[in-house]
Structure formats: C-alpha cells, structure tokens
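Read the figures in this text as sums done on the coordinates, not as results from a lab. Every value quoted in this text rests on a predicted model; they were computed, and no experiment measured them. No Cβ is skipped: glycine too gets one built from the backbone with ideal geometry, and neighbour counts run over all protein chains shown.
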C-alpha cells in the first residue's frame, strides 16, 4: 500500500521546512507533496531546494484557497497511484508510528477517513457533530457561541476503546482513502477557507461511509500558526461566515429563514467585534 502526504504552504516556508525535515525519512511515506499556494514571499524558491525523488514541490498558479491548494497535491498523488492520502497542515507534529497505526483502521471496509486525537495547546480535538444553520447562528455570536460550540462536541464517554465514529474531524490532519477522495470529488473549491471538513464529512455521509477518530493515537497541532500570520480575527470571521453560509445552502438545504438567521448572527457578531476592538486600542 502506498501512502502520500500533502502539505500546503502559504508565506510560511520556515514552518513547512520544519515538517519536511521531520518526516522526509519516514519509510511509511512514499511521496511527500508540498504545494506552495502562490506565496507572496520567496517560499517556493526556498522549498524547491528540498525536492528529490520522494519530495515534490509544486506552486499553484494562484491562491484559490485551502481546498484548491490541497487538491493540486491530492491529484498529483492520485496520478502516482497512492492508496491513502494524508492532508496535513505544516504546523503538525507526528511520528512515523502514528501513520502506521492510523492506517490499520482502513482494514475496516466501510472506513473512508481516519484521524488521530489532536493535541492543540493542551486541548484534545477529536471531532464534532453535524449541526444545522440555526445552531451555527448562535455559535457565531461572541461569548454566547462558546456554549453552543461546546455542545457540538461529543461527551467524553464517546471516546472509549481504540477508535470512535464521529461526524466530522479537523481538516488540519486526516487520512482518506484515495478511491473515496476521487469518488466525492476532492475538496470543494468554492470554499476559500473553513468548513472544508464539514463538506468532506457530508459527502462521505452521503455515500454511506464512516469517519473515525483514533483515541489511542495523538499528534500535536501548533494551532493556526500559518493562518494567524496572514489574517486578523475579524477578517478570519468574515471568511468563516461566508464559508458557513455556502455549506448550509449547498449541502444542508437551508431555506430562506435559516439563511436569514445566519446573516443576522453575522451582523451582530461583526458589530460586537468592532465595538470590542475600540476598547482594545
């Protein structure tokens, strides 16, 4: 079985170089594809120096977002006949044994995606449940949203045993079967950033397959290193809200009332954020 990994870089060659150096000698990885998402710095030139028979560095023609960038790498791996595709942020730390252990879960016939438990600054991310647009509307609103977001998580007792089935896992690191990725049409490139994992999960649910998280495999995510260098909080929220509306309209059959709720919560949250920003000055 061949395994390949896609690492998406944008103006953060130092972080990307660190993960390349950590994993380049992992025998479990047959191909490492680094996609530079049309960085505005010299990332591509610097990363191109790492290219060899195992490591491929590709530059996108333009920055069309997270999904589009990762699709470039995923399609390259498909062309090179891998069986499993790993999608990983540059700011992820994992061991070779983690990949070996995660891939054993594909021995279960109906498993489409396998993800590890992700340690994000001491907090464990194991995935979350599907929720509708009204729920997401309340989740958007400052402070109140924290309560709703917590209720979107599975209870601790859900994670008993070696693995647990979940609706959605984080897009920062997961492994997907190549044939499944092809079948669902890869990432939806209409999304620039955020909600990509929700769309992938919905597509997998629609073909009757499972997403599981391994409770016995933990990796580290140095959360939002790349994103925080590029976007401030308000701009990130605007991008998230746009993706959220697209997901619910295109994949969750949200009607006029539910979409209106999303727009209202967007306006409320943006207004509160701007007011809070005045006090921070």
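I need the full set of residues from the stretch 105-124 which are touching a residue at least 24 places away in the same chain (Cβ under 8 Å) and either within 30 Å of residue 270 (Cα to Cα) or part of a helix (DSSP H, G or I) (or both), in order please. I'd like the intermediate steps shown before the answer.
In the first step, residues of the stretch 105-124 are kept if they are touching a residue at least 24 places away in the same chain (Cβ under 8 Å); the result is 105-106, 108, 110-121, 124.
The answer is 105, 106, 118, 119, 120, 121, 124.
Restricting to the stretch 139-176, give me the number of residues that are touching a residue at least 40 places away in the same chain (Cβ under 8 Å) and surrounded by fewer than 16 Cβ atoms within 10 Å (Cβ to Cβ).
Looking only at that region, the number is 5.
Could you list, in sequence order, the residues of the stretch 53-70 that are crowded, with 17+ Cβ neighbours inside 10 Å and in contact with a strand residue (DSSP E or B) (Cβ under 9 Å, 6 or more places away or on another chain)?
Scanning the stretch 53-70 gives 55, 56, 57, 58, 59, 60, 66, 69, 70.
What is the number of the single condition among (1) farther than 18 Å from residue 219 by Cα; (2) touching a helix residue (DSSP H, G or I) at 6+ places or on another chain (Cβ under 7 Å); (3) in contact (Cβ under 8 Å) with a residue 40 or more places away in the chain; (4) not in a loop (DSSP other than H, G, I, E, B) that residue 135 does not meet?
Checking residue 135 against (1) farther than 18 Å from residue 219 by Cα; (2) touching a helix residue (DSSP H, G or I) at 6+ places or on another chain (Cβ under 7 Å); (3) in contact (Cβ under 8 Å) with a residue 40 or more places away in the chain; (4) not in a loop (DSSP other than H, G, I, E, B), the one that fails is (3).
Taking the criterion of being exposed (fewer than 15 other Cβ atoms within 10 Å of the Cβ), in contact (Cβ under 8 Å) with a residue 60 or more places away in the chain and over 22 Å from residue 244 (Cβ atoms), would at least one residue in the stretch 125-132 satisfy it?
no
Output yes when any residue across the stretch 234-249 is out of contact with any helix residue (DSSP H, G or I) (no Cβ under 9 Å at 6 or more places or on another chain), without any contact (Cβ under 8 Å) to a residue 40 or more places away in the chain and not in a loop (DSSP other than H, G, I, E, B), and no when none is.
Yes, the stretch 234-249 contains a residue that is out of contact with any helix residue (DSSP H, G or I) (no Cβ under 9 Å at 6 or more places or on another chain), without any contact (Cβ under 8 Å) to a residue 40 or more places away in the chain and not in a loop (DSSP other than H, G, I, E, B).
In the stretch 176-200, which residues are closer than 17 Å to residue 68 by Cα and part of a helix (DSSP H, G or I)?
Once the filter is applied, which keeps residues that are closer than 17 Å to residue 68 by Cα and part of a helix (DSSP H, G or I), the stretch 176-200 yields 178, 181, 182, 183, 196, 197, 198, 199, 200.
Which residues, taken from the stretch 92-115, are crowded, with 23+ Cβ neighbours inside 10 Å and in contact with a helix residue (DSSP H, G or I) (Cβ under 6 Å, 6 or more places away or on another chain)?
Correct list: 112, 114.
If you check 132, 171, 185, which single one turns out to be under 30 Å from residue 80 (Cβ atoms) and out of contact with any strand residue (DSSP E or B) (no Cβ under 8 Å at 6 or more places or on another chain)? Give the steps one after another, and end with the answer.
On the way: 132 fails: under 30 Å from residue 80 (Cβ atoms); 171 fails: out of contact with any strand residue (DSSP E or B) (no Cβ under 8 Å at 6 or more places or on another chain).
Exactly one of 132, 171, 185 is under 30 Å from residue 80 (Cβ atoms) and out of contact with any strand residue (DSSP E or B) (no Cβ under 8 Å at 6 or more places or on another chain), namely 185.
Just to verify a result, which residue in the stretch 143-160, among those that are in contact with a helix residue (DSSP H, G or I) (Cβ under 9 Å, 6 or more places away or on another chain) and part of a loop (DSSP other than H, G, I, E, B), is nearest to residue 265 (Cα to Cα)?
So in the stretch 143-160, the residues in contact with a helix residue (DSSP H, G or I) (Cβ under 9 Å, 6 or more places away or on another chain) come out as 143-149, 151-152.
Pick out the ones that are also part of a loop (DSSP other than H, G, I, E, B) and you get 143, 152.
Details: 143: 13, 152: 18 Å.
Here the residue is 143.
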